[in-house]
Amino acid sequence: MTAAITDAPPPAAGRLGLLSQVGYGVGQVAGQVFRDVPSLLLLFFMTTVLGIEPALAGVAIFVPKLVWGVGCDLLVGVLSDRWKHRFHRRWWLLAGVIGSPMAFLLLFHVPADLSQTGRVAYVAGAFSLYMAVFASFSVPYLAIAGELSDDPHQRTVLMAWRLVFTAAGVLIGGAVAPGVVQYLGGGQPGYEGMARVLAVICPLSLLIAFFGAGRAARQAGRAPAVATGSRMTFSAAIAKLAAPRFSVLLASNLLQLIGSGMAYASMLYFLTYNMGQGAAALQLIGGLIVAVCAGIIVAQPIWVAVAKRVGKKPVYVLSAIGYGVTYIAWSQNAQSGIPVAYLFCVVAALFNSGWALLSFSMMSDIAGEDRANAGLYSAAWVAVDKIGFALGGTLLVGLVLSGFGFDVARSMAGLPQEPRALTGVMLAFGVLPGLFNLIAAALYGRYGRH
């Protein structure tokens, strides 16, 4: 696998070797954990532990993501472009090293004596800080990739390593984190213990990436960027983001992320109620996430080779279609048993890794060809990632579950849900995510260009 991803010839000037690729890629562990843990666990935590209605909990998560997440993404992107002549973008990663422990500890340590309104306000405030910390390192981290190579295929290779460490982040956020919650007995203490574990892992990941990005920049022969020209006006920035090559890719990615966010946030509900796993769902989801990670890692050299042979766009469209169809089929087979769930999970992971790899690779091509504004493109990309996951994974899921009568009191008591509520979970988990991905494939297949 390593040979396939790293392109065996020894590194030359402007070419990244194995240690440089791995060093940069490790930072995605923190990025993925920051992205996935709230998407997978926060809504479930608020409804089943804090006793907050799904729609209200979804709003409490969505608003900070929309306001603080997107606002901070754009601010950090502009500042990292404007200040890059003073210091390399990798120095922004140290803000994550410092801020990530505090962000996790505050988010899940909800004071027990608060009213329900107070709990909602606390989570919204803590999540606002969380999103500001996330922006401080995620936007510069993504922008770095487009600056390390002029070769589009090399960028695909670099993104493949990023996806490998995405799998590690998914494993930690989707398997280790729920496992810690269950091991510590669940409830508020379980989630607090999980936060303490993640408060150690994330800063360590970013610290390794800080040094890895420096090594990669030296090996690629990139001198520190110098300031050129005047500052971009707001209208000029909008014009760049609205250019068809970028905007169509961004819109397609937004639709996919809305669907993925819905599926991810609904998974624990689907396993617990539709598949009838009850309290064992936390254990089952850990095994499924391990299968997802295996699928992502195995698929990377395959997608790199196929994209090099047939082009990035066809692989992106095919992967989006496959991912959408897989989730629709899975949602209709809740009673088929755990082995079938593992099969659907692996197939979905294979297709997910394809569209994720190629979308990031095509974005990094655009940013790499316009390095003076790489932070702007990365900020828009990360902002859309957060909007998509927030819109799908919290707001829409919360509205669908509440609309179909999901009973919070029954969930806190460990009781099954009514058939109508199960229909809502099925729609949120599989049918709607699948449709969003099929629409994204049609949009990019018709209007996208690379």
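The values are calculated or read from the model by the stated rules, or taken from the named source; none is laboratory data. Because the structure is a prediction, the values reported are computed rather than measured. Every residue, glycine among them, receives a Cβ derived from its backbone with ideal geometry; neighbour counts consider all protein chains shown. Only protein heavy atoms, including side chains, enter the accessible area calculation; ligands, DNA and RNA are left aside. Shrake-Rupley method; radii C 1.70, N 1.55, O 1.52, S 1.80 Å.
Tell me the residue from Gln188, Gln154 that is at pLDDT below 80 and touching a Leu at 6+ places or on another chain (Cβ under 9 Å), please.
From the options Gln188, Gln154, the qualifying one is Gln154.
Given the criterion more than 19 Å from Ala263 (Cβ to Cβ) and polar (S, T, N, Q), identify the matching residue among Ser402, Ser411.
Within the list Ser402, Ser411, the selection yields Ser411.
Anything in the range 27-75 that is of a type in the set (Val, Ile, Thr) and open to solvent by less than 20 Å² (accessible area, probe 1.4 Å)? List them, or say none.
Residues of the range 27-75 that are of a type in the set (Val, Ile, Thr), as a first pass: 29, 33, 37, 47-49, 52, 59, 61, 63, 67, 70.
The answer is Val29, Val33, Val37, Thr47, Ile52, Ile61.
Which condition does Gly118 not pass, out of (1) at pLDDT 90 or above; (2) open to solvent by 10 Å² or more (accessible area, probe 1.4 Å); (3) closer than 19 Å to Val197 by Cβ, if it passes all the others?
The single condition Gly118 does not satisfy is (3).
Please go through the range 81-107 and give me each residue that is assigned to a helix (DSSP H, G or I), aromatic (Phe, Trp, Tyr) and modelled with pLDDT under 90, ordered by number.
Matches in the range 81-107: Trp91, Trp92.
Exactly one of these conditions fails for Gly31: (1) in a helix (DSSP H, G or I); (2) closer than 16 Å to Ala195 by Cβ. Give me its number.
It fails just one condition, (2).
Taking the condition of being open to solvent by less than 60 Å² (accessible area, probe 1.4 Å) and either touching a helix residue (DSSP H, G or I) at 6+ places or on another chain (Cβ under 8 Å) or not small (Gly, Ala, Ser) (or both), how many residues in the range 306-324 meet it?
12
Val63 fails exactly one of the following numbered conditions: (1) outside any helix (DSSP H, G or I); (2) under 21 Å from Leu391 (Cβ atoms). What is the number of that condition?
The number of the failed condition is (1).
Looking at the range 242-295, which of the residues that are surrounded by fewer than 18 Cβ atoms within 10 Å (Cβ to Cβ) and not in a helix (DSSP H, G or I) is modelled with the highest pLDDT?
Of everything passing the filter in the range 242-295, Gly276 is modelled with the highest pLDDT.
From the list Val78, Val110, Val123, pick out the single residue that is open to solvent by less than 20 Å² (accessible area, probe 1.4 Å) and assigned to a helix (DSSP H, G or I).
On the way: Val78 fails: open to solvent by less than 20 Å² (accessible area, probe 1.4 Å); Val110 fails: assigned to a helix (DSSP H, G or I).
Only one candidate qualifies: Val123.
Answer yes or no: is there a residue in the range 281-291 that is within 20 Å of Leu41 (Cα to Cα) and without any contact (Cβ under 8 Å) to a residue 40 or more places away in the chain.
Yes, the range 281-291 has at least one match.
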